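For reference, the structure discussed in these notes is given below.
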Amino acid sequence: MAKDETARDGLSGSRSLNLLVPLLGETVAPRFDLAREVLIARARKGRLTAEPRVVLLPGPSAEEICRLVLSERITHVVCGGIEDVHYQYLTWKKVQVVDRVIGNWEGALRLLLSSELRAGEVVPGPWSVAGRTP
Amino acid sequence: MKRFESVARESLEILNGLPHGAALLDGECRLLAMNSRLEALTGHASEDVAGVPGGHVIRNRSSHERSPFGEPIRTGAPVSMESDVVSADRRRVPVRITAAPLKGPGPSPAAILLFVEDVSVIQKLDALAQGPRSLPDLVASSPRMQEVLEFVPVVANTDATLLITGETGTGKDLLAEAVHRASRRAKSPFVKVNCGALPESLLESELFGHSRGAFTGAHADKPGMFRLAQGGTIFLTEIGDLPLPLQGKLLTALDDRAFYPLGSSRQVEVDVRVIAGTHRDLKELVARERFRQDLYFRLNVLGIHLPPLREREGDVRLLTDHFLERFARGLGKAVKGLSPQALAVLERYAYPGNVRELRNIVEHAATVCRQELVRPGDLPDYVLRGAAPEPVEPPASAGSSAGGLDGARGGLGGLPGKATWSEVERRMIMEALVECRGHRGEAARKLGWGRSTLWRKMRRHGMA
């Protein structure tokens with residue numbers, strides 16, 4: 001299966017990055033629109049600058065997450081399945097979206113910060129018998 | 001695990017032959033294998049996601065809850081659910097997911113066979129079949145009909161008696177059935193009885209049933225329509241034609257929700273919602289003492305009046321297309337539509353028989369038509385002449401005789417179907433006066449009115 005999109009944009013550079021990951025427990029939420037909590041992290045020079053924080057949402061809502069993305073000045077979103085309307089909206093707002101990601105959020109962020117996370121990535125985790133080693 | 005992986009590899013060929021998405025999960029709902037259709041839907045290769053929980057790959061509505069995929073493991077029985085999946089191309093695809101247990105050597109199921117069926121096409125077809133307002137066969141876009149259709153869920157939500165009025169052919173039967181289908185009684189019978197079709201003695205037996213020996217020829221018990229409609233809805237069409245003696249019995253049955261079948265001393269209780277329909281003016285029948293006032297009030301708890309087709313702006317076109325498509329398909333013809341001229345003729349016509357008449361006209365046209373477009377020559381002659389095959393019933397407020405109307409009908413062809421009676425009357429007077437070169441006495445005779453009637457009407461229309 002072709003992994004068609006990459007997140008390479010010099011993430012390890014000096015530019016400050018704001019990252020958002022919709023969560024289901026410790027993993028990337030399978031669906032953007034059904035996530036009840038999101039993880040927000042700040043990074044610089046390929047490293048997290050502070051402990052990520054988790055924001056609980058009043059309920060599952062793709063629109064609410066989009067609103068949060070703008071208010072938190074998020075630059076990168078890592079998520080599972082996302083509908084095209086939300087994907088297009090976020091990319092129109094110049095937010096880079098890496099979707100169809102499966103795995104734990106830590107591994108996903110690690111791959112993202114090393115510019116190795118691709119759409120459709122299966123991050124190695126406790127359940128995974130496949131996937132790449134970061 | 002390894003044994004299942006080999007099973008998965010072996011079963012992949014079978015899964016790939018299936019017409020829907022299919023996957024094999026282990027006892028902990030982790031993916032062992034999925035077929036190429038499911039790979040295309042999810043955007044993941046089967047070997048990349050082996051061992052991943054199914055809900056993370058098949059991103060369905062219950063992915064964020066306790067996975068229902070495991071239900072067959074817990075209960076040993078298959079489960080089926082309506083859901084949606086966010087696909088690889090970021091569409092939300094409506095699906096039906098079925099999870100069935102696969103038995104292993106032990107007592108409990110060892111694996112789950114999952115089917116993911118894309119139902120988006122079925123849903124689209126259903127929506128098309130049900131028409132713009134999702135009510136069966138009720139095709140309408142006019143504001144007046146929209147008001148009626150918006151009222152349907154309201155009246156369906158109650159068991160109160162409903163009276164549907166409207167001219168013949170306006171769709172009273174369809175509306176009654178739509179109300180039944182939208183109600184909590186939808187799974188129980190919908191029984192229709194025409195109160196005008198049977199003589200009094202037979203009608204009583206038809207409605208309330210009879211016991212054996214109640215009358216000559218009653219060789220066995222008959223349940224009657226009320227009992228056959230138990231739990232559902234009975235639609236009493238042409239209620240205005242119900243004989244007076246039966247009106248009393250119906251009133252009692254409505255009040256008590258119970259009645260005595262003909263010749264029986266045992267009361268029968270029923271739980272039936274009653275909908276009545278008529279093209280007659282029940283108030284007028286009450287005034288003429290041909291219909292019981294108490295029954296009228298009892299039936300008219302909720303009332304819906306269906307407008308005639310000539311007052312349904314835009315619906316002639318919509319219904320014509322609907323019927324033409326249906327008849328052309330049924331006849332196996334390649335008729336694609338109407339020529340502008342044929343459409344203009346249909347839109348001018350007054351439709352005394354309403355939608356039923358339009359349907360018959362379109363059926364005639366679809367049968368006769370030999371080209372791709374229906375032309376005026378394919379329409380029945382009486383439509384082309386702009387005259388109705390049967391007399392048009394003038395509204396009760398029009399104090400004119402039928403003869404006067406008939407006399408002027410030939411000149412009404414140019415009027416649009418939605419013209420009001422006032423406009424029709426004014427046009428009739430104008431044409432009669434022109435024809436009689438302004439001689440009012442002659443014009444009055446031609447119209448079948450007295451001179452003073454003509455004078456009064458001319459003043460009302462500002463013509464004198």
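Please treat every number below as a calculation from the coordinates, not as lab data. Quantities reported herein were computed from a predicted structural model and do not represent experimental measurements. When we count neighbours, we look across all protein chains shown, and the Cβ atoms used for this are built from the backbone with ideal geometry, even at glycine.
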What is the extension gain from B:PHE151 to B:SER264, computed as 0.36 nm multiplied by their sequence separation minus the C-alpha to C-alpha distance, in nm to one decimal?
36.7 nm
Length released on extending from B:GLU284 to B:ARG257, taking residue separation times 0.36 nm less the Cα-Cα span
7.0 nm
Through the Karplus equation 6.51 cos²θ - 1.76 cosθ + 1.60, θ set to phi - 60°, convert the phi angles of the stretch B:339-353 into ³J(HN,Hα) values in whole Hz; use x for Gly and Pro.
6, x, 5, 5, 5, 4, 4, 5, 6, 7, 5, 8, 6, x, x
I'd like the orientation of helix B:315-331 relative to chain B: the angle between its Cα long axis and the longest Cα principal axis, in ° from 0 to 90, rounded to 10.
60
Ranking B:LYS446, B:LYS283 by Cβ neighbours within 10 Å, fewest first, what do you get?
B:LYS283, B:LYS446
Can you put B:TYR382, A:TYR89 in order of Cβ neighbours within 10 angstrom, beginning with the fewest?
B:TYR382, A:TYR89
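Count, for each residue of A:17-30, the Cβ atoms from other chains sitting within 10 Å of its Cβ, then give me the mean as a whole number. Mind dumping the intermediate values first?
Details: counts 0, 0, 0, 0, 0, 1, 0, 5, 1, 0, 3, 1, 4, 13.
Counting Cβ atoms of other protein chains within 10 Å of each residue's Cβ and averaging gives 2.
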Mean Cα-pair separation over length for chain B, i.e. relative contact order, pairs under 8 Å, 6 or more apart, %
10
Highest mean first, what order results for B:154-163, A:47-56, A:30-39, B:196-205 on Cβ atoms within 10 Å?
A:30-39, B:154-163, B:196-205, A:47-56
For n ≥ 4 DSSP H runs only, could you compute -39500 (n - 2.57) per run for chain B, divide by its residues and tell me the 222 nm figure to the nearest 500?
-12000 deg cm²/dmol
Under Karplus coefficients 6.51, -1.76 and 1.60, residue-wise ³J(HN,Hα) of the stretch B:82-98 in Hz, glycine/proline x
8, 7, 9, 10, 7, 8, 4, 8, 6, 9, 9, 9, x, 9, 10, 9, 10
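Counting only other chains, what is the mean number of Cβ atoms within 10 angstrom of the Cβ of each residue in peptide B:42-55?
Mean partner-chain Cβ count within 10 Å for B:42-55: 6.
In the structure shown, do any of B:LYS192/B:LYS333; B:LYS187/B:LYS283; B:LYS187/B:LYS222; B:LYS172/B:LYS457; B:LYS192/B:LYS283 have a Cα-Cα gap over 29 Å, and if so which? Let's see the in-between values first.
Details: B:LYS192/B:LYS333 34 Å; B:LYS187/B:LYS283 34 Å; B:LYS187/B:LYS222 23 Å; B:LYS172/B:LYS457 35 Å; B:LYS192/B:LYS283 23 Å.
Result: B:LYS192/B:LYS333; B:LYS187/B:LYS283; B:LYS172/B:LYS457 exceed 29 Å.
What does the highest-first list of B:41-51, B:447-457, A:70-80 look like by mean Cβ count within 10 Å?
In decreasing order of mean packing, B:41-51, B:447-457, A:70-80 become B:41-51, A:70-80, B:447-457.
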